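Note sheet for the following structure.
Laboratory data are not the source of any read-out in this text; all were calculated from the coordinates shown. Keep in mind it's a predicted model, so treat the numbers as computed, not measured. Heads up, the Cβs are rebuilt from the backbone with ideal geometry, glycines too, and the neighbour counts pull from every protein chain shown.
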Amino acid sequence: MISQATETLLFYLFATVSVGLALATVLSQRILRAAVYLMGVLVTSAAFYILLGAEFLAGVQILVYVGGIVILLVYAVMLTRSSELLEDHPSFVRKGVAFVAASAFFALATGVFSATRIGTAGDGHAPAAVADTTLEIGRRLLDQGATGYVIPFEIISLLLLSVLIGGSVIARRSLAKAEETK
Amino acid sequence: MIEQLATLAPGPFHWLSLTVLLFAIGIYGILTRRNAVGILMAVELALNSGAMNFVVFNKYVAPSAVDGQIMAIFVIAIAAAEVVVGMAIFVTLFGHRRTVDVTRMDQITDAAGTN
């Protein structure tokens, strides 16, 4: 009972922080600050993963998102001198359209899943939860059987390799061109 | 007090409301930002909430398997790939146009200096 009470408290605490930081990310006028707020959102997401019992995923989230993606975004901001491009206030029409689209999505999605009876597994006849999710994830990722994920895993590694090559080729061409024009 | 809090423990509805709200904030950011890097950040916000949805369903619908968590790992890996390509494209665009303002990207040809 204590653990459930703690879970409730932590859920609402992190949810408030996460939504506030997400709003700050999209509303901030300064793009570097938006990157820092985004980092905060991703850290609270890692906390959510721990609350959901996915410890390995929380670690991956911190390593890849916070340590990799946000740093890349900061590099992108600096390489494109975006910090000098202050976001002017978007026009009223633009804001209005965006707000209507976002809230329509929220209303529609909330309506759909509140009308759906989600077949939760906690109704007494459920099989036990996985004890060691990290071990199970590793086993499933490298399992060659019908329920294994070894082929998607290999495809992802190929995708990352091609992204590595493609990214460096695209960026290098522009750097070479910038050298020529100097 | 503690009993009351324990009965209020978040269920799938609460978790899904949270992820949908984060996704909607991401949509708002995608539609209002002018800076391409800002749009990329809003896309990351939306992707992150999508990945969290997989984990929520993993916990509440199929706790005896880890398929949802594996899908979330794939989403994170593809998000990393997307950011790398996006950053390379923005750096190239900046080299050609000296700006990453998406409202001024209305030409296909390389017309540096004309706008």
For residue A:114, placing the label point 7 angstrom along Cα-to-beta-carbon and taking region B:11-25, residues whose amide nitrogen sits under 16 Å are B:11-22
Computed ³J(HN,Hα) along region A:105-111: with the Karplus parameters 6.51/-1.76/1.60, θ = phi - 60°, integer Hz and x for glycine or proline, the list is 4, 4, 5, 5, 5, 4, x
Candidate cut points under trypsin sites (Lys or Arg not before Pro) in region A:1-99, DSSP loop plus at most 15 other Cβ atoms within 10 Å of their own Cβ, are A:30, A:81
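Give me a single rounded figure for B:3-16: the average over its residues of other chain Cβ atoms within 10 Å of their Cβ.
Per residue, the number of nearby Cβ atoms from other chains is 6 on average.
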Only helices counted: for chain A, with every DSSP H run of 4 or more residues adding -39500 (n - 2.57) and the sum spread over all residues, [θ] at 222 nm is -24000 deg cm²/dmol
Pseudo-spin-label distance residue A:6 to residue A:62, built 7 Å along Cα→Cβ, given in nm, is 1.7 nm
Across A:111-117, the residue-averaged tally of Cβ atoms belonging to other chains within 10 Å stands at 2
Out of A:130, A:70, A:163, a Gaussian network model of chain A with alpha-carbon springs under 10 Å gives the largest mean-square fluctuation to A:163
Residue-normalised 222 nm signal for chain B, counting each DSSP H run of n ≥ 4 as -39,500 (n - 2.57), nearest 500 deg cm²/dmol, is -25000 deg cm²/dmol
So, with points 7 Å from each Cα along the Cβ direction, the residue A:131-residue A:78 label distance in nm works out to 4.7 nm
Using the Cα gyration tensor of the protein assembly as shown, the equivalent ellipsoid's semi-axes, largest first and to the nearest Å, work out to 37, 24, 15
With Cα springs under 10 Å, the Gaussian network model of chain B assigns the largest mean-square fluctuation among B:54, B:23, B:94 to B:94
Expressed to one decimal in nm², the mean projection of the alpha carbon convex hull of region A:37-77 is 2.4 nm²
Applying the gyration tensor rule to the Cα atoms of region A:1-113 (axes a ≥ b ≥ c; rounded if a/c under 1.5, else prolate if a/b exceeds b/c, else oblate), the class is oblate
Across A:32-43, the residue-averaged tally of Cβ atoms belonging to other chains within 10 Å stands at 3
